[in-house]
1. Can you run phi through the Karplus equation (6.51, -1.76, 1.60; θ = phi - 60°) for segment 151-156 and list ³J(HN,Hα) in whole Hz, with x for Gly and Pro?
2. Amide H to amide H under 5 Å from residue 142: which residues, 5+ apart in sequence or cross-chain, H placed 1.01 Å off N in plane?
3. Amide H to amide H, which residues 5 or more places from residue 61 or on other chains are under 5 Å from it, using H placed in the peptide plane?
4. In whole Hz, what ³J(HN,Hα) sequence does segment 9-18 give by Karplus (6.51, -1.76, 1.60; θ = phi - 60°), x for Gly and Pro?
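Every number here is computed from the coordinates shown, using simple stated rules; none is lab data. From a predicted model like this one, the values you see are computed outputs, not experimental measurements.
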Amino acid sequence: SKPVIALVGRPNVGKSTLFNRLTRTRDAIVADYPGLTRDRQYGTGRTGNHPYIVVDTGGLSGEQEGVDPLMAGQVRSAIEESDAILFLVDGRAGLIPADEAIANYIRQFNKPTYLLVNKAEGHSHQLISADFFQMGLGQPFVISSAHGDNVKETIDHILDEV
Ligand code: GDP
Ligand code: MG
């Protein structure tokens, strides 16, 4: 069956922009896949011979007190039904404490997690990813969801592994 990938990260990092780029169809699929609920936005896409399902989430604030419990409930469910987590951060904002809080939250699930540094158009990939490498989630994938830079390569790589 199709792997399910969940888009997770702070509000405004570009999750929905990436979702739109990765999906061609929406909505209709929920009924076809038992276990998916209507609370979240789902879409399907395909790269080469690899079809996939993407789940968009509202975002985790990662405020100092920890991850907002209400949002976390929704994100938790998305993560639990997924095969891989795509954790988006904002390459223009750089690494902020909220990202670290979200990284810690995500870690407890022990799911394959990929760190995507978004909004990277026009920036050195090496410079922009150095900061985020500290989170211990491996070498980040540097992308621009708005422009499409490196999105196909990144999704190809991820789907080869999940
Ligand atoms: P979400 O809250 O994480 O779903 O973020 P959105 O997808 O709604 O995007 C938030 C803002 O960031 C919007 O104004 C997008 O146009 C912008 N954005 C998203 N991706 C990129 C990108 O790759 N580069 C730039 N410069 N802006 C982006
Ligand atoms: Mg959104």
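1. With the stated coefficients, segment 151-156 comes to 6, 4, 4, 5, 5, 4 Hz.
2. 117
3. Those lying under 5 Å, H to H, from residue 61 are 68.
4. For segment 9-18, the Karplus curve yields x, 4, x, 6, 7, x, 4, 6, 5, 5 Hz.
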